[in-house]
Amino acid sequence: MASPFRHLIRLPLLAFIVTATTADSRPAEPVEFTVFARHRHNDLQFLPDAHGAPQSLEFFGKTRSPRYTHHGGPRLPFYSATELTAWHAARTASPDKPPPLPAPVAIADIPAGLTRALLLFTPAHNPVPGEPRLHIHVVDDNPRTLPAGHIAVINISGRDYQARIGGKLLQFPLGTSGKIPAKGTVGLHLATQTEDGGRWVFAGRHTFRLNERERASLVFFPPANPTGIAPVIRTLVETPPTETPAQLAGR
């Protein structure tokens, strides 16, 4: 005789399957992002959503790009514009048998809960054929994280630095610093340690201006000379975008 507990076992399992399916079918929260790189990449596209046409990226030399929106989940791949355009044409011609996507040139993995990001593109170290040739550093670019009247240092140079800002000596290891109050003319006097870690040596100066309505992200790229110690610094100054009522309600 069949065990009466068999049906009790199946009910929780069925509930789990329904719950998991419902959670997986929820639309992903859109991610707004801008892009920047030390050298422009004018041949990159991405898919804003699963059904839309490819959208090209525009890199500027001294500022963030226009703001883009992605509706496709936490993994955001970027492709060669030539290859993705050809793929989209083939998909449009044969919607019942879409071709496989080309290999991505770069992939951004967006952390959970992040809805506004700055994507910094750098060349991948020793790229393998068929794998991404660009690396993407994902930075939380929400105005609550970096509000007006503040700066943040994003150190992707490969070296640790310290800098004197407004009379304070601050440490900038690899990664993104917290928000630092600043306004007017801001000057950085940089130092880094020698290769043996024995002493700190001068590593350059950097100056920029910031008013009370602006914020700035200072990106420390690797030195222009492989044997150099001074980072290449790009200062991305902007007036923070206005938050929507829904974003304000979520504070």
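Here residue 82 meets the list (1) in contact with a Ser or Thr (Cβ under 7 Å, 6 or more places away or on another chain); (2) surrounded by fewer than 16 Cβ atoms within 10 Å (Cβ to Cβ); (3) modelled with pLDDT of 95 or more almost entirely, failing just condition (1). If you filter segment 190-232 down to residues that are under 15 Å from residue 180 (Cβ atoms) and of a type in the set (A, V, I, L, M), you find that the one that is surrounded by the most Cβ atoms within 10 Å (Cβ to Cβ) is 219. Across segment 37-56, the number of residues qualifying as touching a strand residue (DSSP E or B) at 6+ places or on another chain (Cβ under 7 Å) and without any contact (Cβ under 8 Å) to a residue 60 or more places away in the chain comes to 7.
crowded, with 16+ Cβ neighbours inside 10 Å and polar (S, T, N, Q), is that true of residue 162? Yes. Starting from residues that are hydroxyl-bearing (Ser, Thr, Tyr) and exposed (fewer than 15 other Cβ atoms within 10 Å of the Cβ), keep the ones in segment 86-116 and report whichever is farthest from residue 144 (Cα to Cα). My answer is 94. Flag: residue 140 matches the condition of being buried (at least 16 other Cβ atoms within 10 Å of the Cβ) and either under 19 Å from residue 34 (Cβ atoms) or of a type outside the set (Ser, Thr, Tyr) (or both).
Of everything in segment 161-176 that is outside any strand (DSSP E or B) and either closer than 19 Å to residue 38 by Cα or modelled with pLDDT of 95 or more (or both), the residue that is farthest from the chain's Cα centre (by Cα) is 173. Of the residues screened, residue 160 is one that is out of contact with any Cys (no Cβ under 9 Å at 6 or more places or on another chain) and in contact (Cβ under 8 Å) with a residue 12 or more places away in the chain.
Has segment 223-244 got at least one residue that is within 20 Å of the chain's Cα centre (by Cα), over 26 Å from residue 112 (Cβ atoms) and of a type in the set (D, E, K, R)? Yes, because at least one residue in segment 223-244 is within 20 Å of the chain's Cα centre (by Cα), over 26 Å from residue 112 (Cβ atoms) and of a type in the set (D, E, K, R). Candidates in segment 123-144 are the residues that are of a type in the set (Val, Ile, Thr) and modelled with pLDDT of 95 or more; of these, the one that is nearest to the chain's Cα centre (by Cα) is 138.
The values are calculated or read from the model by the stated rules, or taken from the named source; none is laboratory data. Values in this document were obtained by computation on a predicted structure and should not be read as measured data. Cβ: placed from backbone, ideal geometry, glycine included. Neighbour counts: every protein chain shown.
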